[in-house]
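Novice: Handing you a structure now.
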Amino acid sequence: MNSFKIAICDDDAPMLALYAGAIENCFAKYDSTCSIDSFPYAKKLQETIADKVYDIIFLDIEMPEMDGISLGRYIRNKYRGDVDTEIVYISNREDKVFDTFDIRPLGFIRKRNFVNDCIHVIRLYLSQHAYKKSEFVEIKSGSSIVKMNMRDIIYLECLKDYQYIYTLKEAPVKIKTTMTTLEELLSAYGFIRIHKGYIVNYKFIQAIDKRNVILLAGNKEYTLPVSGAKLTEIRKLYLKLMHKDDVLFTFE
């Protein structure tokens, strides 16, 4: 049975116990357990994550001293891809959803529909958690094999006779193969060939315009050229992958 570490931060202290109970029940529904730490103050959670890592952090958006969006950015900048902590926002302010996109939250839970939205988010998290276990790929480079976690790959670049793999955790990895081989290997896992010299992980795409694809990984932004002839195809594939990845924000 899987067990997960959860943090909840909401300045409405009486609601924390109710949220904790609902989250615990959601995990139990999928044969999993969790340990939950509750925080009525954002600053206290900020201090705690200096020494403790959580699997999911649930954040209220509107809080005194530090709001949930600012705290979410702090968490992302602190970890910078080194850990897999997910952020879920709790609020009735649906107009704030778009303000959270740069933080790449797992989801958005409405307080008035907490249980139903929570079930959806926990199901999504557990499905992704199961998938992560098999996310390593072996890439042949000459006579060698390079094993990499696909979740860490931001994009791949072709320079003359070599390809360079840019990741969250390391300096670019230099390999010798072909972009066609890499495209065939990675396309089933959400990688898109946006140009003859570039393949990108769709999970890091922030924008696609007529000339470029903008990637955001932590606090780093990458601007890569896009093939004009394939622009429509690339946009359609990106939207298809986003839909396949489930819906993060659902409002009735």
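Novice: How many of the residues making up segment 209-235 are farther than 30 Å from Thr85 by Cβ and among the small types (Gly, Ala, Ser)?
Specialist: Going through segment 209-235 one residue at a time, the tally reaches 3.
Novice: So, one more: Filter segment 90-108 for residues that are crowded, with 17+ Cβ neighbours inside 10 Å and basic (Lys, Arg) and give the result.
Specialist: Arg104
Novice: OK, next. Taking segment 203-230, which residues are surrounded by 15 or more Cβ atoms within 10 Å (Cβ to Cβ) and part of a helix (DSSP H, G or I)?
Specialist: Of everything in segment 203-230, those that are surrounded by 15 or more Cβ atoms within 10 Å (Cβ to Cβ) and part of a helix (DSSP H, G or I) turn out to be Lys203, Phe204, Lys230.
Novice: Output the qualifying pairs, or none if there are none: Cβ atoms under 7 angstrom, residues six or more apart or on different chains, first residue in segment 100-120 and outside the structural domain of Gln206 (by TED's automatic domain parsing), second residue of a type in the set (Asp, Glu) and crowded, with 18+ Cβ neighbours inside 10 Å.
Specialist: Sorted first by the residue in segment 100-120, then by its partner, the pairs are Leu106/Glu86; Ile109/Asp117; Arg110/Asp117.
Novice: Right, Lys169: free of Cβ contacts under 8 Å to residues at least 40 places away in the same chain and either in the same structural domain as Ile87 (by TED's automatic domain parsing) or charged (D, E, K, R) (or both) or not?
Specialist: Details: free of Cβ contacts under 8 Å to residues at least 40 places away in the same chain: no; either in the same structural domain as Ile87 (by TED's automatic domain parsing) or charged (D, E, K, R) (or both): yes.
Considered against the rule, which asks whether it is free of Cβ contacts under 8 Å to residues at least 40 places away in the same chain and either in the same structural domain as Ile87 (by TED's automatic domain parsing) or charged (D, E, K, R) (or both), Lys169 comes out as no.
Novice: What's the number of the only condition in (1) more than 22 Å from Arg104 (Cα to Cα); (2) in a helix (DSSP H, G or I); (3) at pLDDT 90 or above that Pro14 fails to meet?
Specialist: Condition (3) is where Pro14 drops out.
Novice: Among the listed residues Ile36, Ile61, Ile49, Ile56, which satisfies the condition of being among the aliphatic types (A, V, I, L, M) and touching a residue at least 60 places away in the same chain (Cβ under 8 Å)? Break it down into steps so the answer makes sense when it comes.
Specialist: Working: Ile36 fails: touching a residue at least 60 places away in the same chain (Cβ under 8 Å); Ile61 fails: touching a residue at least 60 places away in the same chain (Cβ under 8 Å); Ile49 fails: touching a residue at least 60 places away in the same chain (Cβ under 8 Å).
Going through Ile36, Ile61, Ile49, Ile56 in turn, just one is among the aliphatic types (A, V, I, L, M) and touching a residue at least 60 places away in the same chain (Cβ under 8 Å): Ile56.
Novice: Still on this structure, please answer the following. Kindly indicate the residue of segment 23-33 that is modelled with pLDDT under 95 and buried (at least 17 other Cβ atoms within 10 Å of the Cβ) and also farthest from Asn92 (Cα to Cα) among those meeting that condition.
Specialist: Per the stated criteria, the residue is Ser32.
Novice: Here are Ser141, Ser127: which of them is of a type in the set (Gly, Ala, Ser) and within 30 Å of Tyr164 (Cβ to Cβ)? Even if it seems obvious, please write down each step before you answer.
Specialist: Working: Ser127 fails: within 30 Å of Tyr164 (Cβ to Cβ).
Going through Ser141, Ser127 in turn, just one is of a type in the set (Gly, Ala, Ser) and within 30 Å of Tyr164 (Cβ to Cβ): Ser141.
The values are calculated or read from the model by the stated rules, or taken from the named source; none is laboratory data. These numbers were taken from a predicted model, which means no experiment stands behind them. Methodologically, a virtual Cβ is constructed for each residue, glycine included, from the backbone with ideal geometry; neighbour enumeration extends over all protein chains shown.
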